[in-house]
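Have a look at the structure below, then the notes.
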Amino acid sequence: MSIRINPSILAADFVNMERDLGRITSADLVHVDVMDNHFVPNLTFGPQMVQRIQDVSALPLDVHLMIDDPDRWAPAYAELGAYSVTFHAEAAVDPVALARTLRAGGARAGIALKPGTDPAATIEMLAEFDQVLVMTVEPGFGGQSFMTDTMPKLRQLRDAVSATGLDVWLQVDGGISTETIGIAAQAGADTFVAGSSVFAAGDPAAQIAALRNAAAGASSLDQ
Ligand code: DX5
Ligand code: ZN
């Protein structure tokens, strides 16, 4: 079992994206937040920008789609070569069909749950997914405070993954810092998104190492 640290480039300098990608090469994947100003009240970029990030990134892309109608728009991100494409349970009409399309397109399929979303339906279709993303803030903005009350849901998902024996990664996203990462690791997360805590650090590589150590030290999973 390994710990994955995925810096979110939402906290990078958008006009110096290639430079900032070069600062996080000791991470595991690059977390790419696509926001459409409908599903969330914020706007980032779409497939054209993600294609350029894919072209220049040394690390594989972990695309997090905070968009309406992912059934229609998500497959393009698999087709451009993203390693992982995660869409929101609250937005998808047919999550199983979409997950199958993403896998057929060569990507890992992920499903994301907002803090208030019940995990029961996701647990029923775990075999269709490679990753479940438990949002630990309301999606839309970086720099928010970690919501500890999402941890019982994470634990419930970890127990379900263990019970099925499936290799489904459990990702947390929002408010992850050296202070909070241990709480999520203890509750069963293995994949950690961190935006502001990585890019606000003077030395992002040192911060990635510190996050990795803090997660490994607190993890309830076999290392
Ligand atoms: C928020 C995004 C996150 C965001 C996390 O909706 O999905 O990926 O970049 O930022 P921090 O780590 O600053 O909470
Ligand atoms: Zn995200």
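The values are calculated or read from the model by the stated rules, or taken from the named source; none is laboratory data. This one's a predicted model, so the numbers in the text were calculated from it and none came from an experiment. Positions of Cβ are generated from backbone atoms using ideal geometry, with glycine treated the same way; all protein chains shown enter the neighbour counts. Just so you know, the surface numbers come from the protein's heavy atoms only, side chains and all, with ligands and any DNA or RNA stripped out. Shrake-Rupley method; radii C 1.70, N 1.55, O 1.52, S 1.80 Å.
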ask   = Among bridges DSSP assigns within segment 1-113, what percent are antiparallel (round to 5)?
value = 5 percent
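What shape does segment 105-159 have by the C-alpha gyration tensor, where a ≥ b ≥ c are the square roots of the eigenvalues, rounded means a/c under 1.5, and otherwise prolate means a/b greater than b/c and oblate the rest?
Oblate, since a/c reaches 1.5 and b/c is not below a/b.
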query = Using modelled backbone amide H atoms (1.01 Å from N, in-plane), which distant-in-sequence or interchain residues come within less than 5 Å of D33's amide H?
reply = I9, L10, H64
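Write down Rg/Rh for segment 135-220, rounded to two decimals, with Rg from the C-alpha atoms and Rh from the Kirkwood relation over Cα pairs.
On the Cα set of segment 135-220, Rg over Rh gives 0.98.
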inquiry  = At 1.4 Å probe size, what's the solvent-accessible area of Y83? Round to the nearest 10 Å².
reply    = 90 Å²
Using a Förster distance of 35 Å, the FRET efficiency for N16-H38 (Cβ separation, nearest 0.05) = 0.80
inquiry  = Order 5-14, 52-61 from most to least packed using the mean count of other Cβ atoms within 10 Å.
reply    = 5-14, 52-61
note = In the chain the DSSP beta bridges are antiparallel at a rate, in percent to nearest 5, of 5 percent
ask   = Which cross-chain or sequence-distant (5 or more) residues have an amide H under 5 Å from the amide H of H88, H modelled 1.01 Å from N in plane?
value = I67, A112
query = Once phi is turned into ³J(HN,Hα) by the Karplus curve 6.51 cos²θ - 1.76 cosθ + 1.60 with θ = phi - 60°, what whole-Hz value does each residue of segment 35-41 show in order, with x for glycine and proline?
reply = 10, 10, 6, 10, 5, 10, x
inquiry  = With the cut-off at 1.5 for a/c, could you classify segment 36-89 from its C-alpha gyration tensor as rounded, prolate or oblate?
reply    = prolate
inquiry  = I'd like the accessible area for M151, computed on protein heavy atoms only with a 1.4 Å probe and all protein chains in place. Round to 10 Å², please.
reply    = 20 Å²
key: Residue of V15, V161, V93 that the Gaussian network model of the chain assigns the largest fluctuation, springs spanning Cα pairs under 10 Å   = V15
task = Would you mind telling me which residue in P95, P152, P119 has the biggest mean-square fluctuation in a Gaussian network model of the chain, where springs connect alpha carbons within a distance under 10 angstrom?
result = P152
message = Can you tell me which of G182, G165, G174 moves the most in a GNM of the chain? Springs connect C-alpha atoms under 10 Å apart.
response = G165
remark   = Dividing the helical contributions, -39500 (n - 2.57) per DSSP H run of n ≥ 4, by the residues of the chain yields a 222 nm value, nearest 500 deg cm²/dmol, of -9500 deg cm²/dmol
Accessible carbon and sulfur surface of the chain relative to its total accessible area, %, 1.4 Å = 50 percent
query = Scaled to the compact-protein estimate 2.2 N^0.38 Å, what is the alpha-carbon radius of gyration of segment 1-48, rounded to two decimal places?
reply = 1.30
ask   = Where q = 0.11, 0.13 Å⁻¹, what log10 of I(q)/I(0) comes from the Debye formula for segment 1-158, counting one point per Cα?
value = -0.40, -0.58
